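**Student:** Before we start, here is the structure in question, set down as structure tokens.
Computed from the coordinates by the stated procedures, all read-outs in this text should not be read as laboratory data. Just so we're clear, the structure is a prediction, and the values are computed from it rather than from any experiment. Cβ placement follows ideal geometry from the backbone for every residue including glycine, while neighbour counts extend to all protein chains displayed.
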Amino acid sequence: MGDFLDDWRGPFTLEQARAEGFDLSDVRRMARAGYIRRLRAAVYVSTADLAAASSDPALLHALHVRGLQTSFKTPVVAAAASAAQIYGLEFLDPPHQELVVMTGDLTVSGTHRDGYRLRVAQLPDHHVTELHGVRLTTPARTIVDLCAELSFVGGVVVAESAVRKGLVTVGELGETAEWPAFRRGIVKVRRVIDFLDPASESPLESASRATFPEIGIRVPKTQVWLVVGGVRIRVDFFWDDVLVVGEADGFGKYQAAPGEDPLAAIRREKSREQLVLEDGLEVVRWGWREVRNPALLQRRLAAALARGAERQRGRGA
């Protein structure tokens, strides 16, 4: 079976192995010897191929989808959360690890079993592409399908991730959402698309901005350049009417540059904040803890905006 494994790339079925002259005992012997691994019922992959994919979550998910695809007689494509994982998109919450595939064959019944979900929907050719050896829905179709099922905040996070990676534009998402066959969740999908900001730089920024309307906080300007203390700096959010700077503090802001003292990044950010404060602006910071606790985020932001407004009234006096 060694020659077969050398020539075969990716998952293969017991039926395909038999077509090459190997029986079930041969396959079991190769599995015991560690040359192949079972992906799912009657589907195997070489240990080398599995090891090559294991260091990359997108490749590993694609490999499992390829294994599932071999199990179907009707063509299926990776869709929704599975397609998004193969594209390497970021989520608000980790997606379920069950595989999600779709078929455009409307005579087939959808099912949810054996670690996968099969969806049945209209699937035109221009909504299908290929990546990592897997047929999957295009980035635009993937995002539209996901936004129909995720929360508003979750939809914004994954959609802005796709835009940030250059996989799709807001315009392309809008065009796909207008496809006549879409019905389920289309109001929510359009709300997400209308809200998207290509300037968003991280899932935390996306989740923060999408949470603001949910907690009664007006949406500020994003990625604004300010000149403070003679230095030009960029801030995540800026409520310009009350001169309040908002900073979503993902860990990346404190990572040192190559060859830099690890503490230098923290000192640099502290110095940056001091410049803002000395220029008379209010600064409010938050992280995932606050975003995942909207009431806490609301209190923190409302207090900062109130202080900023009071400061402006004092200046006017």
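**Student:** Per residue of segment 16-24, what does 6.51 cos²θ - 1.76 cosθ + 1.60 with θ = phi - 60° give for ³J(HN,Hα)? Whole Hz please, x for Gly and Pro, Karplus curve as stated.
**Tutor:** 5, 5, 5, 5, 8, x, 9, 9, 4
**Student:** Counting other Cβ atoms within 10 Å of each Cβ, which trypsin sites (Lys or Arg not before Pro) in segment 165-248 have at most 15 and sit in a DSSP loop?
**Tutor:** Values: sites: Lys165, Arg183, Arg184, Lys188, Arg190, Arg191, Arg209, Arg218, Lys221, Arg232, Arg234; in loops: Lys165, Arg183, Arg184, Arg218.
Sites meeting the loop and neighbour criteria: Lys165, Arg183, Arg184, Arg218.
**Student:** Once fully extended, how much extra length lies between Asp249 and Thr74, figured as 0.36 nm per residue of separation less the alpha-carbon to alpha-carbon distance?
**Tutor:** Using 0.36 nm per residue and subtracting the Cα-Cα distance, I get 58.3 nm.
**Student:** Now for a separate question. Say the dipole of segment 57-198 comes from +1 at the beta carbon of Lys and Arg and -1 at that of Asp and Glu; which of His112, Ser161, Leu59 then lies farthest toward its positive end?
**Tutor:** Highest projection toward the positive end goes to His112.
**Student:** Would you mind telling me which residue in Gly154, Gly34, Gly110 has the biggest mean-square fluctuation in a Gaussian network model of the chain, where springs connect alpha carbons within a distance under 10 angstrom?
**Tutor:** Per the Cα network of the chain with a 10 Å cutoff, Gly34 tops the list.
**Student:** Here's another thing I want to ask about it. Using the Cβ atoms and a cut-off under 12 Å, what net charge is assigned to the surroundings of Val163, where Lys and Arg are +1 and Asp and Glu are -1?
**Tutor:** -3
**Student:** Could you tell me the relative contact order of the chain? Use alpha-carbon pairs under 8 Å, at least six residues apart, and round to a whole percent. Spell out each step's value before the answer.
**Tutor:** On the way: 465 pairs, mean separation 31.1, N = 317.
After rounding, I find 10 percent.
**Student:** Once you have a ≥ b ≥ c as the square roots of the Cα gyration tensor eigenvalues for segment 2-53, tell me rounded if a/c is under 1.5, and otherwise prolate or oblate according to whether a/b is larger than b/c.
**Tutor:** Values: a/c = 1.42, a/b = 1.31, b/c = 1.08.
Since a/c stays below 1.5, the shape of segment 2-53 is classed as rounded.
**Student:** Going by how many other beta carbons lie within 10 Å of each one, how would you line up Val224, Val27, Val45, Val219, fewest first? Write out the running numbers ahead of the final one.
**Tutor:** Details: Val224 17, Val27 20, Val45 23, Val219 13.
Ranked by crowding around the Cβ, least crowded first: Val219, Val224, Val27, Val45.
**Student:** Give the residue from Leu146, Gly308, Pro95 lying farthest towards the positive end of the charge dipole for the chain; charges sit on Cβ (+1 for Lys and Arg, -1 for Asp and Glu) and the dipole is referred to the Cα centre.
**Tutor:** Result: Gly308, furthest along the dipole toward the positive end.
**Student:** Take every Cα-Cα distance within segment 201-246, group them into 5 Å bins from 0 onward, and report for each bin the whole-number percent of pairs it holds.
**Tutor:** Over segment 201-246, the share of Cα pairs per 5 Å bin runs 5, 20, 28, 24, 12, 7, 3, 0 percent.
**Student:** Quick check for me: using +1 on Lys/Arg Cβ and -1 on Asp/Glu Cβ, what's the dipole size of segment 1-86 about its Cα centre, in debye to the nearest 20?
**Tutor:** So the magnitude is around 360 debye.
**Student:** List the chymotrypsin sites (Phe, Trp or Tyr not before Pro) within segment 53-131 that DSSP assigns to loop and that have no more than 14 neighbouring Cβ atoms inside 10 Å.
**Tutor:** Filter output for segment 53-131: Phe72.
**Student:** What size of dipole, in debye to the nearest 20, comes out for the chain about its Cα centre when the only charges are +1 on Lys and Arg C-beta atoms and -1 on Asp and Glu C-beta atoms?
**Tutor:** Working: 41 positive and 41 negative charges, 165 e Å.
That gives the chain a dipole magnitude of about 800 debye.
**Student:** Sticking with this structure for a sec: For the Cα atoms of the chain, what angle does the longest principal axis make with the long axis of helix 294-316, in degrees from 0 to 90, nearest 10?
**Tutor:** Approximately 30 degrees, to the nearest ten.
**Student:** Let me ask you something else. Let me have the 222 nm mean residue ellipticity of the chain computed from DSSP H runs of 4+ only, each contributing -39500 (n - 2.57), with the sum over all residues rounded to the nearest 500.
**Tutor:** Taken over the chain, the calculation gives -13500 deg cm²/dmol.
**Student:** Suppose we look only past 33 Å in the calculated P(r) of the chain. What percent of the Cα-Cα pairs does that tail hold?
**Tutor:** Everything past 33 Å amounts to 42 percent.
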